[in-house]
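The values are calculated or read from the model by the stated rules, or taken from the named source; none is laboratory data. Since the model is a prediction, treat every value here as computed from it, not as a measurement. Don't worry about glycine lacking a Cβ; one is built from the backbone with ideal geometry, like all the others, and counts go over all protein chains shown. The protein model used for the area step is the full one, side chains on, heavy atoms only, and it has no ligands, DNA or RNA in it. Shrake-Rupley method; radii C 1.70, N 1.55, O 1.52, S 1.80 Å.
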Amino acid sequence: MFSKIFLGLAGAATVLAQQPVESLYEVDASLPGHTIYRPSDMSSFEQMPVVVWGNGACSADSLSHVNFNLEVAAWGIVLISQGTPGQQGSTTPDMMKQAIDWISTNAGTGNYANVNASRIAAAGMSCGGTEAYAMVDDPRVSAYGIFNSGNLDPAQTTSIMPQINVPIFFFLGGPSDIAYENGMRDYAAVNQGVPTWVGNLPVGHGGTYGDPRGGKFGTAAQQFFRWALRADSSVNSFFTDRGAQADGWTVESKSLENLSPGEPW
């Protein structure tokens with residue numbers, strides 16, 4: 001098994017991590033063609049949600065966003081990236097579906113005994129974001145994270161966006177991002193009543209994924225996944241107040257009141 005530990009900011013792991021813990025990535029022979037990012041100590045969390053992730057350019061190299069992915073995992077989230085470390089070639093939406101199938105079968109057993117697959121986000125950067133959209137007919141997906149991405153064809157926007165009825169947040173790189181117009185068009189097409197947020201950070205299409213801990217994109221992403229998937233109300237002010245703006249994001253939102261934090265689990 002190939003694995004690497006992220007020696008980031010370490011804190012005591014709890015049911016709801018309030019500071020990042022050690023995380024690692026590894027491959028599992030029972031899920032070929034994928035890489036699992038997870039907390040190093042899985043037993044420290046009673047339940048963990050899941051993010052299935054598509055890389056930029058639909059790259060099969062699962063290290064394409066390694067700092068960002070490790071940051072998400074460091075907050076008590078299992079992230080399954082398409083591809084394996086250093087792999088060449090491209091991924092497909094079917095591979096994301098395979099990841100959902102696999103974790104749905106393995107959650108609650110063995111090494112994944114503390115994983116709850118009733119909370120799964122489909123997410124990805126650029127081409128990986130379009131792979132996430134391809135999960136629109138899968139009822140197991142309970143949130144979408146669209147990063148520097150959007151439907152290329154306006155007809156796809158018209159077809160796909162009205163089908164989404166779970167929280168969907170967009171993280172874009174501002175007007176210089178080649179996905180800016182597509183992402184903003186998709187945001188506008190989400191039905192009223194669906195918790196929706198879009199943030200633009202003026203860094204262009206490349207985001208901040210390669211920065212330590214994924215930079216500002218990593219900070220925003222882990223808070224979104226914690227709120228939408230784990231009902232962690234300690235982070236919702238980043239989106240509902242001025243936390244994101246203070247970090248440099250220009251934001252719009254609609255129906256966030258329908259993303260009720262409820263009780264953490």
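Of the residues making up the range 140-162, not a single one is at pLDDT 95 or above, within 26 Å of Ala220 (Cα to Cα) and of a type in the set (Asp, Glu).
Here Phe169 clears all of (1) assigned to a loop (DSSP other than H, G, I, E, B); (2) closer than 17 Å to His65 by Cβ except the condition numbered (1). Only one entry in Val190, Val198 is open to solvent by less than 10 Å² (accessible area, probe 1.4 Å), out of contact with any Asp or Glu (no Cβ under 9 Å at 6 or more places or on another chain) and among the β-branched types (Val, Ile, Thr), namely Val190. A Cβ distance below 6 Å, combined with a sequence gap of six or more or placement on separate chains, defines the contacts here; from the range 95-114, residues that are of a type outside the set (Ser, Thr, Tyr) reach residues that are assigned to a helix (DSSP H, G or I) in the pairs Met96/Glu131; Asn106/Tyr112; Asn114/Met42. Considering only residues of the range 148-166 that are in a helix (DSSP H, G or I), touching a residue at least 24 places away in the same chain (Cβ under 8 Å) and not β-branched (Val, Ile, Thr), which is nearest to Phe238 (Cα to Cα)? Among those residues, the one meeting the criterion is Met161. Applying the criterion of being of a type in the set (S, T, N, Q) and over 17 Å from Gly128 (Cα atoms) to the residues of the range 204-232, the residue that is least open to solvent (accessible area, probe 1.4 Å) is Gln222.
Residues that are acidic (Asp, Glu) and out of contact with any helix residue (DSSP H, G or I) (no Cβ under 7 Å at 6 or more places or on another chain) were ranked within the range 168-227; the one that is farthest from Thr157 (Cα to Cα) is Asp177.
Here Val251, Val235 are screened, and the one residue that is within 16 Å of the chain's Cα centre (by Cα) and not in a helix (DSSP H, G or I) is Val235.
Residue count for the range 169-187 under the criterion of being buried (at least 22 other Cβ atoms within 10 Å of the Cβ), more than 23 Å from Leu229 (Cα to Cα) and over 17 Å from the mean Cα position of the chain (by Cα): the result is 3. Within the range 209-226, residues that are assigned to a helix (DSSP H, G or I) have Cβ atoms under 8 Å from residues that are among the basic types (Lys, Arg) in these pairs: Thr219/Arg213, counting only partners at least 6 apart in sequence or on another chain. Of the numbered criteria (1) over 14 Å from the mean Cα position of the chain (by Cα); (2) among the small types (Gly, Ala, Ser); (3) assigned to a strand (DSSP E or B), the one Gly108 fails is (3).
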